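The values are calculated or read from the model by the stated rules, or taken from the named source; none is laboratory data. A quick note: this is a predicted structure, and the numbers were derived from the prediction, not measured. Positions of Cβ are backbone-derived with ideal geometry, glycine not excepted, and every protein chain shown enters the neighbour counts. Side chains included, ligands, DNA and RNA excluded: accessible areas come from the protein's heavy atoms. Shrake-Rupley method; radii C 1.70, N 1.55, O 1.52, S 1.80 Å.
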Amino acid sequence: QAQLVESGGGLVQAGGTPKLTCTTSRSIFGIGNMGWYRQAPGKQRELVAIISNSGITNYADSVKGRFTISRENAKNTVYLQMNSLKPEDTSVYFCYIRSLGSDYWGRGTQVTVSS
């Protein structure tokens with residue numbers, strides 16, 4: 001089964017602009033939605049942003065206007081550009097891909113925002 005690998009996380013200052021990248025270990029056929037979720041300690045995993053294979057996007061209210069999701073279908077890659085980061089954005093960010101009824105998840109990348 002293909003694996004998803006996230007990169008781009010780390011320790012950033014408030015107001016920073018990191019970009020997360022998620023790629024697949026091998027090509028996945030029939031990818032539909034791609035997205036990012038996050039989970040902070042003691043909280044449930046929540047949707048951050050999702051993008052359809054036609055480019056339609058949806059964002060959590062908490063990140064609208066600050067984060068931008070994009071994808072490169074030929075590379076099976078999804079990105080999350082994060083701007084104006086806040087300490088409350090500190091979480092583990094997980095990549096998500098849905099393909100032909102199967103869900104794929106990355107292991108997550110930690111993003112820690114210092115004030």
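Please name all residue pairs, on different chains or six or more residues apart, with Cβ atoms under 9 Å, provided the first residue is in region 61-74 and is closer than 22 Å to residue 98 by Cα and open to solvent by 60 Å² or more (accessible area, probe 1.4 Å) and the second residue is modelled with pLDDT of 95 or more and assigned to a loop (DSSP other than H, G, I, E, B).
As it stands, the answer is 68/83, since those pairs meet every condition given.
With (1) surrounded by 18 or more Cβ atoms within 10 Å (Cβ to Cβ); (2) among the aliphatic types (A, V, I, L, M); (3) farther than 19 Å from residue 8 by Cβ as the list, and residue 97 as the residue in question, which single condition is left unmet?
Every condition holds for residue 97 apart from (3).
Out of 53, 58, which single residue is surrounded by fewer than 17 Cβ atoms within 10 Å (Cβ to Cβ), touching a Gly at 6+ places or on another chain (Cβ under 9 Å) and either at pLDDT 95 or above or of a type in the set (Val, Ile, Thr) (or both)?
Numbers: 53 fails: either at pLDDT 95 or above or of a type in the set (Val, Ile, Thr) (or both).
So the residue among 53, 58 that is surrounded by fewer than 17 Cβ atoms within 10 Å (Cβ to Cβ), touching a Gly at 6+ places or on another chain (Cβ under 9 Å) and either at pLDDT 95 or above or of a type in the set (Val, Ile, Thr) (or both) is 58.
Just to be sure I understand, how many residues within region 1-20 are surrounded by fewer than 18 Cβ atoms within 10 Å (Cβ to Cβ) and over 19 Å from residue 114 (Cβ atoms)?
Looking only at that region, the number is 5.
Starting from residues that are at pLDDT 95 or above and assigned to a loop (DSSP other than H, G, I, E, B), keep the ones in region 1-15 and report whichever is farthest from residue 87 (Cα to Cα).
8
In region 75-85, what residues are surrounded by 14 or more Cβ atoms within 10 Å (Cβ to Cβ) and not polar (S, T, N, Q)? Even if it seems obvious, please write down each step before you answer.
Here is the first cut: in region 75-85, the residues surrounded by 14 or more Cβ atoms within 10 Å (Cβ to Cβ) are 76-83, 85.
Result: 78, 79, 80, 82, 85.
If a residue has to be closer than 21 Å to residue 68 by Cβ and touching a Ser or Thr at 6+ places or on another chain (Cβ under 6 Å) to count, how many in region 16-28 make the cut?
Of the residues in that region, 2 qualify.
Please note which strands (runs of 3 or more DSSP E) are completely contained in region 31-115 and include at least 3 residues that are over 13 Å from residue 18 (Cα atoms).
Working: elements: 31-39, 46-51, 57-59, 67-72, 77-82, 91-99, 102-105, 109-114.
Here the list reads 31-39, 46-51, 57-59, 67-72, 91-99, 102-105.
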